[in-house]
Amino acid sequence: MRATVRKYTSAPVSEELLNTLFEQASHTQTMGNLQLYSVIVTRDEEMKEKLAPAHFCQPMVTQAPVLLTFCADFRRTTDWALNRQANPGYDNLLSYQNAATDALLFCQRFCDLAEAEGLGLCFLGTTVYNPQLIIDTLRLPQLTFPVATITLGWPAESPKVSDRLPLEAIVHHEIYAGYTPDSIDKFYAYKESLPENRNFVEINGKDTLAQVFTDIRYTAEANEAMSVTLEEALRRQGFIACPDVKKTPRPESLECDIVRFQNKKDRWVAFVGLLNGRPYEIFTGILDDDEGIMIPKSVSNGCILRRELKDGMRRYDFQFTNKRGYKITIEGLSERFNPEYWNYAKLISGILRYGMPLENVIALISSLQLDSDNMNTWVSGVAKALKRYVNATGADQENMHHTDEIDD
Ligand SMILES: Cc1cc2nc3c(=O)[nH]c(=O)nc-3n(C[C@H](O)[C@H](O)[C@H](O)COP(=O)(O)O)c2cc1C
């Protein structure tokens, strides 16, 4: 019987042994015999230190002589296709699922073989809790995704075999049997009677062992937050398309942040219209007290109102509340900026409205090749104004100071 080992001696795990195990494990079943996986071997102490926070700094990450990160990998197959006049179509969720299955089967086979060799190991599910840090540290390209980490070494402990549910709890015949309060009592009785589990319940001040799991170990709040980061990482790695290709309708009034920035002598301002905390439109131009926009320095937000005019045209007004509580409206934002800025602003706002990820919007804006100095300043100002919202949670946004000047 096997058991997870979390403490290792300092004896090295040789490259030769590792390769033998990988070679044997690679004969596990794999979709279309494509081997939709890769494994990254980490031995370097500095690299382990960098990866540790992704695994909530569990001590075996830095203590184990070897760390293995198993990745779902459709990159290699896609590159193969691209180099062989074949059209790959693997930038989708199904392909992620297939590659993740392949990677986990390879990982499990490796684990069986390693344990049979006398090695000790621990599977770290934290890999999918904080994937972005792992992706960045290991420089995983698009169409790859970390799905499992194994800490590996020669055992320095002999843990006891842990309990399992009775077979009848997990095996169903012909159809899924379902559970009743009585069968749940029966299946979980042994687990709940174990002294270590009773102790868990007691020291955590809970009534049942299940509550230790739901309220402490795997809470809804943490699961929901980590689902968001998982989905975001899958999107960045190219396995999920942009979320809303449908345009969200613009309310008549949008919350708006003011971002000021300076270039040489000119003071610039960006009005960033926000829908559910995400930039929806952006208008930018030179702050000019005589001809253009004049806003008191203390004003850092307000709202942008869209007015439908009689002739089918639209006008955008900025409204803020002054220190004395009066609403002040600056009418016709569109009239006050250089028409060239206004036209570009329309294009960028169009992209924002259709939900393109902010990083991509910023990359697109930054890649624009424009002739005049002014336009290049405009581009970098807009990119900087939007960067503030990348990965910003609601709390981050509240703490952001949009009136700070941006140094070029
Ligand atoms: C998906 C998954 C995630 C896991 N994550 C962790 C982890 O982050 N830290 C850890 O110490 N063990 C982790 N484990 C190991 C389990 O705690 C262990 O397998 C379980 O308690 C049963 O113990 P045993 O392997 O000794 O039989 C994980 C196992 C799996 C399959």
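The values are calculated or read from the model by the stated rules, or taken from the named source; none is laboratory data. As the structure is a computational prediction, the values presented were derived from the model and not from experiment. Here the Cβ positions follow ideal geometry from the backbone for every residue, glycine too, while neighbour counts run over all protein chains shown.
I'd like the full set of residues that are under 29 Å from Met356 (Cβ atoms) and at pLDDT below 85, limited to segment 296-308.
Hit for segment 296-308 is Glu308, nothing else.
On the basis of being of a type in the set (Val, Ile, Thr) and more than 14 Å from the ligand (Cβ to nearest atom), does Ile240 make the cut?
On the way: of a type in the set (Val, Ile, Thr): yes; more than 14 Å from the ligand (Cβ to nearest atom): yes.
Spelling it out, Ile240 is indeed of a type in the set (Val, Ile, Thr) and more than 14 Å from the ligand (Cβ to nearest atom).
Within segment 124-142, can you find the residues that are within 16 Å of the ligand (Cβ to nearest atom) and either surrounded by fewer than 16 Cβ atoms within 10 Å (Cβ to Cβ) or part of a helix (DSSP H, G or I) (or both)?
Passing the criteria: Gly125, Thr126, Thr127, Val128, Pro131, Leu133, Ile134.
Rundown of residues vs (1) under 16 Å from the mean Cα position of the chain (by Cα); (2) of a type in the set (A, V, I, L, M, F, W, C), yes/no style:
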position: Glu115; (1), (2): no, no
position: Gly120; (1), (2): no, no
position: Leu124; (1), (2): no, yes
position: Thr127; (1), (2): yes, no
position: Leu133; (1), (2): yes, yes
position: Asp136; (1), (2): yes, no
position: Val147; (1), (2): yes, yes
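Kindly evaluate Ala72 against the criterion of being in a helix (DSSP H, G or I), at pLDDT 95 or above and within 16 Å of the ligand (Cβ to nearest atom).
For Ala72, the condition - in a helix (DSSP H, G or I), at pLDDT 95 or above and within 16 Å of the ligand (Cβ to nearest atom) - is not met.
Residues checked against (1) in a loop (DSSP other than H, G, I, E, B); (2) within 16 Å of the ligand (Cβ to nearest atom); (3) within 21 Å of Gly238 (Cα to Cα):
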{"site": "Cys57", "(1), (2), (3)": "yes, yes, no"}
{"site": "Asn87", "(1), (2), (3)": "yes, no, yes"}
{"site": "Ser95", "(1), (2), (3)": "no, no, yes"}
{"site": "Thr101", "(1), (2), (3)": "no, yes, yes"}
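Residues checked against (1) in a helix (DSSP H, G or I); (2) closer than 27 Å to Val390 by Cβ:
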site: Glu281; (1), (2): no, yes
site: Pro296; (1), (2): no, no
site: Arg315; (1), (2): no, no
site: Phe318; (1), (2): no, yes
site: Ile328; (1), (2): no, no
site: Glu335; (1), (2): yes, no
site: Asn343; (1), (2): yes, yes
site: Leu368; (1), (2): no, yes
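Checking the structure you have, find out if any residue of segment 343-352 is surrounded by 14 or more Cβ atoms within 10 Å (Cβ to Cβ), modelled with pLDDT of 85 or more and not β-branched (Val, Ile, Thr).
Yes, segment 343-352 contains a residue that is surrounded by 14 or more Cβ atoms within 10 Å (Cβ to Cβ), modelled with pLDDT of 85 or more and not β-branched (Val, Ile, Thr).
Quickly run through segment 1-48 and pick out the residues that are in contact with a Cys (Cβ under 6 Å, 6 or more places away or on another chain) and under 27 Å from Asp136 (Cα atoms).
Arg6, Ser38
Determine whether segment 41-48 contains at least one residue that is touching a strand residue (DSSP E or B) at 6+ places or on another chain (Cβ under 7 Å), part of a strand (DSSP E or B) and either hydrophobic (A, V, I, L, M, F, W, C) or within 20 Å of Leu121 (Cα to Cα) (or both).
There is at least one residue in segment 41-48 that is touching a strand residue (DSSP E or B) at 6+ places or on another chain (Cβ under 7 Å), part of a strand (DSSP E or B) and either hydrophobic (A, V, I, L, M, F, W, C) or within 20 Å of Leu121 (Cα to Cα) (or both).
Please tell me if Ala148 is over 30 Å from Gly89 (Cα atoms) and aliphatic (A, V, I, L, M). First the steps, then the outcome.
Working: over 30 Å from Gly89 (Cα atoms): no; aliphatic (A, V, I, L, M): yes.
So Ala148 does not fit the description; no.
Condition check ((1) over 26 Å from Asn130 (Cβ atoms); (2) within 16 Å of the ligand (Cβ to nearest atom); (3) in contact with a Gly (Cβ under 8 Å, 6 or more places away or on another chain)) across all residues:
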{"position": "Pro12", "(1), (2), (3)": "yes, no, no"}
{"position": "Glu16", "(1), (2), (3)": "yes, no, no"}
{"position": "Gln29", "(1), (2), (3)": "yes, no, no"}
{"position": "Leu36", "(1), (2), (3)": "no, no, no"}
{"position": "Ile40", "(1), (2), (3)": "no, no, no"}
{"position": "Arg43", "(1), (2), (3)": "no, no, no"}
{"position": "Glu46", "(1), (2), (3)": "no, no, no"}
{"position": "Ala52", "(1), (2), (3)": "no, yes, no"}
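Limited to segment 270-295, what total is found for residues that are at pLDDT 85 or above and either outside the structural domain of Val382 (by TED's automatic domain parsing) or within 23 Å of Lys323 (Cα to Cα) (or both)?
Within segment 270-295, residues that are at pLDDT 85 or above and either outside the structural domain of Val382 (by TED's automatic domain parsing) or within 23 Å of Lys323 (Cα to Cα) (or both) number 5.
When the residues of segment 163-187 are filtered to those that are farther than 19 Å from Thr208 by Cα and surrounded by 12 or more Cβ atoms within 10 Å (Cβ to Cβ), which remaining residue is farthest from the ligand (Cβ to nearest atom)?
Here the residue is Ala177.
Quick check: is even one residue across segment 181-193 outside any helix (DSSP H, G or I) and either at pLDDT 95 or above or of a type in the set (S, T, N, Q) (or both)? Show your work before the answer.
As a first pass, look at segment 181-193 and keep what is outside any helix (DSSP H, G or I): none.
No: segment 181-193 contains no residue that is outside any helix (DSSP H, G or I) and either at pLDDT 95 or above or of a type in the set (S, T, N, Q) (or both).
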